[in-house]
């Protein structure tokens, strides 16, 4: 086997051996979109001083996709578990029992919440981001399929029909030469007379543009929902600063609520297990909040200045 063949085999294995992405495989496409966004959102928070057995990315995946995570100490080591909520509800109608099972640790228990374990919630409504991710991913998948079908239709400008096999073969030879860049000739007028063309599709450039804008809108809305500023204004003209920042007020509530629940959970964990874990917004999310606050400060300065107020 040559070195080039080995290299090609390696590249094929690296990319899973698939030569074509199947847009019409909705299940796979939706999962792919959700995974791509989750890969970004797991970096939403910076965790420090986590125990050795708790990985920040796995903790975030558990919180964001299941809505909660259970901190429990087993054999002197602190772990996180995903399990089931139950038990007799407390005065606030919240569950009091968390059931865990982990084959690797050979453990299966029902733990009393806030007595034997600490349950951290993903957000104030104690829900996951799964349904939101699934909704946006499904919308993007459907729009991509529509774009794909539109592209296929745009390739078919007209349909060619032939009355017999000889005419059909002559037409196919003519098209084959045109694809190769050669000059094709149909020599007999009888063949020309037996060929018919019917206009199949009226190209509508606006439709493709609208689908692209729809895809941009869905993706930007998804980013905005997880606290990242992505412009979905469809104006072709240059945007003003006010138009560019008009959606900033909607960016922070979700992330702020998620951070609040993490801090409340970490406080309980630190008190119960003597740890010193901390959490804060990371990278783009923290920078985005600083930029929003700066923009709001500038707008406030302009409005509060008497010289800028005619009244």
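Below are the figures for this structure:
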item	result
Extreme residue, farthest from the chain's Cα centre (by Cα), among residues of region 43-66 that are within 18 Å of residue 223 (Cβ to Cβ) and crowded, with 18+ Cβ neighbours inside 10 Å	45
Any hit, region 109-116, residues being surrounded by 16 or more Cβ atoms within 10 Å (Cβ to Cβ), part of a helix (DSSP H, G or I) and touching a strand residue (DSSP E or B) at 6+ places or on another chain (Cβ under 8 Å)	no
Check on residue 144, touching a helix residue (DSSP H, G or I) at 6+ places or on another chain (Cβ under 9 Å) and surrounded by fewer than 14 Cβ atoms within 10 Å (Cβ to Cβ)	no
Subset of region 117-141 [surrounded by 15 or more Cβ atoms within 10 Å (Cβ to Cβ) and farther than 22 Å from residue 30 by Cβ]	117, 118, 119, 120, 121, 123
Residue in region 183-197 that is at pLDDT 75 or above, surrounded by fewer than 17 Cβ atoms within 10 Å (Cβ to Cβ) and assigned to a helix (DSSP H, G or I) present	no
Some residue of region 19-38 being at pLDDT 70 or above, within 30 Å of residue 276 (Cβ to Cβ) and either surrounded by 12 or more Cβ atoms within 10 Å (Cβ to Cβ) or out of contact with any strand residue (DSSP E or B) (no Cβ under 7 Å at 6 or more places or on another chain) (or both)	yes
Yes/no for residue 85 being surrounded by 16 or more Cβ atoms within 10 Å (Cβ to Cβ), out of contact with any helix residue (DSSP H, G or I) (no Cβ under 9 Å at 6 or more places or on another chain), touching a residue at least 12 places away in the same chain (Cβ under 8 Å) and in a strand (DSSP E or B)	yes
Region 147-169: number of residues that are in contact with a strand residue (DSSP E or B) (Cβ under 9 Å, 6 or more places away or on another chain), without any contact (Cβ under 8 Å) to a residue 24 or more places away in the chain and either under 30 Å from residue 34 (Cβ atoms) or surrounded by 15 or more Cβ atoms within 10 Å (Cβ to Cβ) (or both)	1
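The values are calculated or read from the model by the stated rules, or taken from the named source; none is laboratory data. These numbers come from a predicted model, not from an experiment. Neighbour counts run over all protein chains shown; Cβ positions are idealised from the backbone, glycine included.
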